[in-house]
Amino acid sequence: MRLLLLTAIILTSVVCRAQNGIIWYDPIPVADKTYGNLHPRVTLDQNHKPLVLWGDKNGRVFLAKWAGKDFAAPVQMNPPGKEAFTESWAGPEMTSRGDTIYLVYKELPEDVSHIYIKHSYDGGKTFSIENQVDDSDGLISRFPTVAMDPYGHPLVSYMKYDKGYVNPRHVVAKSTDLGESFTGEAVIKDVSGGSISDCCPATVVESGNATVILYRDNLNNYRNIWAGISKNRAISFDNAVQLDFSNWLAKSCPANPPHGTIISDTLYSVYTSGNGDSALVFLSKTSLTSFADTFAPLTGRFSGLTSQNFPRIANSGNAGAIAWVQSIGINMQACLYFSNDITTGLPKKYDVVARGILQSLDVTLGGGHIYVVYQDDSSGNIMCRIGHYEETQTNKLLAENTTVSLQRSANGKYFSVSIPDLSYCMMVDVNGKEFEMDMKCKKNLCKVNTEDLDPGLYVVRLFCKDEKIYTYKYEVKEIKEKEEKEKKEK
């Protein structure tokens, strides 16, 4: 399927090789401008084909699927006659894994209507009827965002207010029946001493044993980015980490949502921050084990740069892409950094994938292709730019399923992992050789001995009784005791 997709694009596109070794093809419209172009979001089905979600000024929500050489005609996802909230900076959101897709939107009017979710179990061929997410307690909800837990159930985060749009807080509603119903809400505690920025959407991020809410805080009008962290599958959010220390002082709420992804035990976050109108995009890396955090501007300031905004990040295994919009004087660009292993850093140069009058964008990758979708106000269309990159064998293994964090022992002889119903562990070296590992488990905590493996990089594959596979990139290091023992034997 991947070869057919690439061949179809080559036949209809002009090829351009960019700074990061990506082969880019000509931009193509996702749909005619009569369908609108607000707030595009992109994800992949089980065959690594793109699906694009967006809204228009009339409150309609559309989804378009890849049809081989271009996108099929859009399908309206919300019921006709019922309008959904959509702007450039906020609107419908979606997530996918394999053939399961969830999309969420807020119905209008905001002060009395609800948040709804729809699901597909066949890669977007058919969708369920809409199900209500937020409870009907007379309060106000806004800005839904969605992630999927390791068992395929959706997590929906949204902002909640008392009547009159007061007392804003972020909450997470969790489903245990694949989105058919939602029970209870976990409240994200704001520990800064201030409150949340009440017009800035959040992002929910889920990995094997961590759920994270990325949100903008308001402490005396300093609008920094924070992360609320749950280690109990979104039952409660007992930890919070400040990711951004740039102290953006803004009396009016900047509606610039953060975004993130989790790779192994590290949270990678991108967000807009800075001073006044000349804001920059930042990248933060946060350990979900120690909560140690580093952050820095993605590009820093350079001659002609006016501002940067709408950052998005995606990964497939350790391959990662960061996209954003920036203004160079009066000219606007959609830009992208790509690395086949983002854990080792980013390249020195980025690619410019589009120019024009641009607003929000999104990015996803997998199967050797990158997809950037963006709101092009020059044409009035949602546009898609597709690039091809060489996928490594390691990333193919890491991208098979969700990741989970491991804890290396102090002596380096084993690692421990906490997963319910773990069946067995396989480790694969850089040459593709597999090693079935010995495990010692007590309750849900398992120890995997790595003493007999040669030093080097491995992909850890953890197989559970429910057929889920968790992956992790792990380095087996030399053990001094082992070296000394071998010297004595010689």
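Read-outs: derived from the displayed coordinates by stated rules, not from any lab. It should be emphasised that the depicted structure is a prediction, and the values quoted were computed from it without experimental measurement. A quick note on method: Cβ atoms are made from the backbone with ideal geometry, for glycine too, and the neighbour counts reach across all protein chains shown.
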Nearest-20 debye value, the chain charge dipole, Cβ charges on Lys, Arg, Asp, Glu: 740
The range 81-119 to the range 410-434: how many Å between their Cα centroids? 39
If you place +1 on the Cβ of every Lys and Arg and -1 on the Cβ of every Asp and Glu, how big does the dipole about the Cα centre of the range 406-489 come out, in debye to the nearest 20? 400
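Quick one: which of 358-364, 416-422 comes out on top by average Cβ neighbours within 10 Å, and what's the full order, highest first? Could you put the intermediate results ahead of the total?
On the way: 358-364: 24.1, 416-422: 16.9.
In decreasing order of mean packing, 358-364, 416-422 become 358-364, 416-422.
Do the sum for the chain: with -39,500 (n - 2.57) for every DSSP H run of n ≥ 4, divided by all residues, what is the mean residue ellipticity at 222 nm, to the nearest 500 deg cm²/dmol?
Roughly -1500 deg cm²/dmol at 222 nm, from the helical runs in the chain.
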Which one of S409, S423, Y458 is farthest out on the positive end of the charge dipole of the range 406-489, using unit charges on Cβ (Lys, Arg +1; Asp, Glu -1) and the Cα centre as origin? S409
Specify the inter-centroid distance of the range 224-286 and the range 150-174, based on alpha-carbon positions, in whole Å. 17
I'd like the chymotrypsin sites (Phe, Trp or Tyr not before Pro) in the range 280-334 restricted to DSSP loop residues with at most 16 other Cβ atoms within 10 Å, sorted by number. F291, F302
Ignoring GluC sites (Glu not before Pro) that are buried or in helix or strand per DSSP, and keeping those with at most 11 other beta carbon atoms within 10 Å, what is the longest stretch of the chain between them? 1-389
Cross-link table K433/K468; K189/K440; K160/K231, entries beyond 26 Å C-alpha to C-alpha: K189/K440
Compute the long axis of helix 480-489 from its Cα atoms, compare it with the longest principal axis of the Cα atoms of the chain, and write down the angle in degrees, 0 to 90, nearest 10. 20
Under the classification rounded if a/c is under 1.5, otherwise prolate if a/b is larger than b/c and oblate if not, where does the range 2-397 fall, given a ≥ b ≥ c as square roots of the Cα gyration tensor eigenvalues? rounded
Phi-based couplings in Hz for the range 99-107 (Karplus 6.51, -1.76, 1.60; Gly and Pro marked x): 9, 9, 10, 10, 10, 10, 7, 9, 7
Note on the range 98-257: alpha-carbon gyration tensor, axes a ≥ b ≥ c; rule is a/c under 1.5 for rounded, else prolate if a/b larger than b/c, else oblate; result prolate
Trypsin sites (Lys or Arg not before Pro) lying in DSSP loop within the range 298-383, provided at most 12 other Cβ fall within 10 Å: R301, K348, K349
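From the cross-link list K65/K118; K57/K163; K118/K174, which pairs have alpha carbons spaced over 21 Å apart?
Exceeds cut-off: K57/K163.
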Based on the alpha-carbon gyration tensor of the range 406-489 and its eigenvalue square roots a ≥ b ≥ c, which shape applies: rounded if a/c is under 1.5, prolate if not and a/b is larger than b/c, or oblate? prolate
What do you get for the angle between helix 2-12 and the principal long axis of the chain? Use alpha-carbon atoms, 0 to 90 degrees, nearest ten. 40
If you place +1 on the Cβ of every Lys and Arg, -1 on the Cβ of every Asp and Glu, and leave all else neutral, what size is the dipole of the range 182-224 about its Cα centre, to the nearest 20 Debye? 120
Total charge of the residues flanking M332 in space, meaning their Cβ is under 11 Å from its Cβ, with Lys and Arg +1 and Asp and Glu -1, is -1
Restricting attention to the range 37-113, which trypsin sites (Lys or Arg not before Pro) occupy a DSSP loop and are surrounded by at most 16 other Cβ atoms within 10 Å? K57, K69, K82
